[in-house]
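Derivation of every value follows stated rules applied to the coordinates shown; laboratory data play no part. Since the model is a prediction, treat every value here as computed from it, not as a measurement. Positions of Cβ are generated from backbone atoms using ideal geometry, with glycine treated the same way; all protein chains shown enter the neighbour counts.
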Amino acid sequence: MVRRPRTSGRTGVRRETAQAFVPAVRALIGKIVQHAEFAGLVGARSEDVAGGSDLRLLQRVLLEIERGYVEAPDFGVIAAGAMQALVDLAPAGFFRVTESERETSVGYHAPGGESRTIAFRRQTTREQATRDLSGLSHLVRVTDPAVSPLDLERAMIARALARLDPDSSFLDPEVYREMQASTQASGIGLELTVRGNALRVVAPIENAPAHRAGVQSGDRLEKIDGVATNTLTLPEAVRRLRGPLGSPITITVARDGWPAPRDFQLVREQVRVTPLVARGLGGGVAYLKVRQFQDRTPSDLAQTLGSFDRAGMKALILDLRDNSGGLLTASIEVAEMFLEPNRLVTYTEGRTRQQNMRFASHAKKAYTAMPMVVLVNRGTAAGAEIVASALQDWSRARLLGTQTFGRASIQTVIPLPDASALRLTTTRWFTPKGRLVHGRGLTPDTTLTDEDAPALTSAMTEEALLAADAHLRSALEHLTRPIAPKP
């Protein structure tokens, strides 16, 4: 929640509470049932102002939030976010939005008229928030008829969702269509999220343009082709990173320890992810690097483990560095392969009974006895953290590396009537021992100095891989050490 100091207004601007305002504006915030006066003021139908029927898309979004968001939503905060869209789209200086703990104030500088301030209480309902926003949307369109009602409504939705959490967002029709149509877009290979009002790199995709250029997990993406990312939603930033195959792009990246941000000039290419890479390290030690949890990852991993087992596998190193997650079901199936039957892998909690689920191991073939080490780093997130935390909680494997990213929210994509979609956080997952990883990450059993995992290529020999990767060498040393049971 963003809180700003309450201001008393400029000289000559009269500040009034909603209760003391003219009857026409009382209708705006639903304090009276006679809406005809306000409707005449802004040129709207009184029934639209009363029920907010001109914002059908926004109404649907608010209803979905009320039904399914992971926490009880605060519609006062959500509405305050939507009101910020007035400042974005109306002519400069006509609207001013100020927030405090008790209310959100909208200052309206009428063309050629007196300036007024309307105060909206922060404690409100979904229905009242819809009426408030409906009245304000009419006021914007009267102020500037050139403002597109649909653009204004979508801007309100995007601003409202930004008040929930960094992973909930509005997908306009173009973004939603692109998401459905292609899983292999031309781009630079970055998994992004929003942390602390900054666009951060969860993990660069190995061997993609950004990874080859040296972009690292935890870096802040400040500009895309000169456009500041703090003016973009996450879907808008992702769309700007994509583009025609072979087209140039410049990203501006900041990193802790750098005196100033740096520009990276890259060329977009078809980004392909090989989800699983396997190597034998000699002495019966198998090395498995899982880059992403896709549909086929569990079956491919089971087949690979079977091949190593038939060849005399005695120990295993599972590399989850820079694995930003993927499919929840795939990550659970992978964790099962290393746990005794009926061990809890993870459980989810939401606000409805359907969102509360428990997932236990039941793999047909599990490798539960051999020594095992899991490599993690700051790019290990979401589904990869599910696997790592389950193996850590059950003392099945030793975690080696650095603190993980801390992403434990699950989003549901809900199609909307205008071909757009709502990406809404509906549940959070917990480790078998009840730990909440979100925003905190997993602490390894053995912490190593932070360093980037080297790119693994098909031509790389065992000797070359070990020579290039200090963390992998440490993993080999820890395979023979006993693991203390977790409390």
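Taken along its principal axes, the alpha carbon cloud of segment 276-478 reaches lengths of 55, 34, 31 Å, longest axis first.
Dipole size in debye (nearest 20) for segment 185-270 around its Cα centre, Lys and Arg Cβ +1, Asp and Glu Cβ -1? Show your work: numbers first, answer last.
On the way: 11 positive and 9 negative charges, 18 e Å.
That gives a dipole near 80 debye.
By the gyration tensor of its Cα atoms, with a ≥ b ≥ c the square roots of the eigenvalues, what is the shape of segment 99-241: rounded for a/c under 1.5, prolate for a/b over b/c, or oblate? Prolate, because a/c is 1.5 or more and a/b exceeds b/c. Amide H contacts of residue 223 (H built 1.01 Å from N, in plane; Pro and chain starts excluded): 229, 252 sit under 5 Å, all sequence-distant by 5 or more or on other chains.
For segment 185-270, the C-alpha radius of gyration sits at 0.97 times the compact-globule guess of 2.2 N^0.38 Å, with N the residue count. Taking a ≥ b ≥ c as the square roots of the eigenvalues of the alpha carbon gyration tensor, segment 259-307 is prolate, as a/c is not under 1.5 and a/b beats b/c. Among the GluC sites (Glu not before Pro) within segment 56-103, those in coil by DSSP and having at most 15 neighbouring Cβ atoms inside 10 Å are 71, 101.
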